[in-house]
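Each remark here refers to the structure printed beneath this line.
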Amino acid sequence: MSTDTGARAAGTEEAVTLPAAAPATVAAAPGWGALAIVMVGTFITVLDYFIINVAVPAIQSDLTASSAQSQLVIIGYGVAFTAGMITGGRLGDLYGRRRMFSLGMLGFTVASALCAVAQGPDALVAFRVLQGAAAALMVPQVLGILGVVYTGAARARAFVVYGLVIGLAGVFGQVIGGALISADVAGLTWRAIFLINLPVGIVALVLTPRLIPESRAARGGRLDLVGAVLSAAALAAIVLSLVEGQERDWPLWTWLLLVAAVPLSAAFVLHQRARQHNSPLVDFALFKGRTFPVGLVAMLLYFLAMGSFFFLLALYLQQGRGLSPAESGLVFLTLGAGYLGSSMLSTRLAARLGDGLITAGPLTLAVGYVLTGLTASWIDTDKSIGWIIAPLILSGIGMGMTTGPLTGSLLAGTDPEHAAAASGTANTVQEGGVAIGVAVVGAVFFPALGDAPVPGDYPHAFDVGLIPLVAFCLASSVMVRFMRPRAERRAARAAKTPAPQ
């Protein structure tokens, strides 16, 4: 049975098939079961991006992993996740979003089990890549499913929940990971962070066909395999060269790999240009005007600074200060408190301040980073770690001021017919920014730490690692100022100004 009710999420006609057990009224007056299921998928994929940060020291100890391998455990997931995002979204358009969501959930669950039983660092990296590829198949379907199932105010609420879940999974991943590792149930230590995905994934797989209607784009086409390979190769060349370069003292092949990313990226752009009328992965119509391309750069710079901070902070707290994973998670909880509080207020503030809020967000984050670094140097190893809580709360406030409002501002100016492509491109930039940011941080942090570090060396290395993150925040704030022409910003401010009585 098919209907097009509520199927204009991307501005194009959708083909929707309701579950066999659901009446036709589900599309018009849906429950929240579909939202719950896709939020489970969203939560565990984002959680596994960040939960690994707190487990890195335990993995290094248990599997005798090098610093490059420990980074690749994080980055391998991020590269596969990022590179496959646009392709995963296109597969959902062609073959059904519920089907691809289910396949992604199945692959993610299996890959999580393989990660939990990995016996060496290289095997763990390989299984993390597989896990990231499965996430790339699952996550792009979420916005499409929400847009089909929900309409009007219900859709708006669903997207608010979506943004909140992403933030909570990223920030509180450290807390959950620390608790699981410290509990050390059955001697599993870090392996428990992967095993917890198994029951969650199985329940989601059982409920998905019951609660989520099938949908796909009415327009057909074929998958752009060449574009998918070129985009994945370009991103992998950038990240691998940064990670392996600093680990191996920059041999010639790492520089050649970094240089190769330029023609690979150019080839992808030229290929997409040639396919603009034949199912491209990226629709260039998105880049007409200023808001989307400039906003995309601002988003990339912000996520370079935001996601990699979790990796850097986890290393400092556990290896530099000797905190257990659970104690480290409690420190991250203060960061999450700032994020949660400002996120809950950001929608109301964005309505009043517009791009002013997004401009202030990265600046606030930069100030939080600077104060965190200064505090870490001051307390060194002989003062209480509690002194670092206040600057971490400020950093969390900056993240909450930026993450949701920047994404909303970027997508709000997009023509409805390009909404789905814009969402996929934005997701790709977000995940790619986190992956590349970790590589950049590692490239400056580990050399500053030295070959035989002692706890007293970590505050200096931590400060050095924060330098590029502060620069990324400042650059992001500047780019936000150029997202819209000055006349458009003035008109928006005038529209928010109350008329005189």
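The values are calculated or read from the model by the stated rules, or taken from the named source; none is laboratory data. Please read these numbers as outputs of a predicted model, since none were measured by experiment. Don't worry about glycine lacking a Cβ; one is built from the backbone with ideal geometry, like all the others, and counts go over all protein chains shown.
Some values worked out for this structure:
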quantity	calculated
Search result, residues across segment 189-221 that are assigned to a loop (DSSP other than H, G, I, E, B) and without any contact (Cβ under 8 Å) to a residue 60 or more places away in the chain	Ile196
Subset of segment 57-72 (residues that are buried (at least 24 other Cβ atoms within 10 Å of the Cβ) and either among the hydrophobic types (A, V, I, L, M, F, W, C) or touching a Leu at 6+ places or on another chain (Cβ under 7 Å) (or both))	Leu72
Of all residues in segment 445-456 being assigned to a helix (DSSP H, G or I) and free of Cβ contacts under 8 Å to residues at least 60 places away in the same chain, the one that is surrounded by the fewest Cβ atoms within 10 Å (Cβ to Cβ)	Ala448
Residue that is among the aliphatic types (A, V, I, L, M), modelled with pLDDT of 85 or more and farther than 20 Å from Leu335 by Cα, where the choices are Leu449, Leu371, Leu469, Leu392	Leu449
Phe303 being among the aromatic types (Phe, Trp, Tyr) and closer than 28 Å to Ala34 by Cβ	yes
Every residue from segment 169-202 that is within 28 Å of Thr407 (Cβ to Cβ) and either polar (S, T, N, Q) or surrounded by fewer than 18 Cβ atoms within 10 Å (Cβ to Cβ) (or both)	Gln174, Asn197
Total residues in segment 68-103, condition of a type outside the set (S, T, N, Q) and farther than 14 Å from Tyr49 by Cα	20
Scope segment 315-329; condition of a type in the set (A, V, I, L, M) and surrounded by fewer than 18 Cβ atoms within 10 Å (Cβ to Cβ); matching residues	Ala326
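Conditions (1) assigned by TED's automatic domain parsing to the domain that holds Pro459; (2) over 24 Å from Val56 (Cα atoms); (3) assigned to a helix (DSSP H, G or I); (4) not basic (Lys, Arg), marked per residue:
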| site | (1), (2), (3), (4) |
| --- | --- |
| Leu335 | yes, no, yes, yes |
| Gly341 | yes, yes, yes, yes |
| Leu357 | yes, yes, yes, yes |
| Val367 | yes, yes, yes, yes |
| Leu371 | yes, yes, yes, yes |
| Ala376 | yes, no, yes, yes |
| Lys383 | yes, yes, no, no |
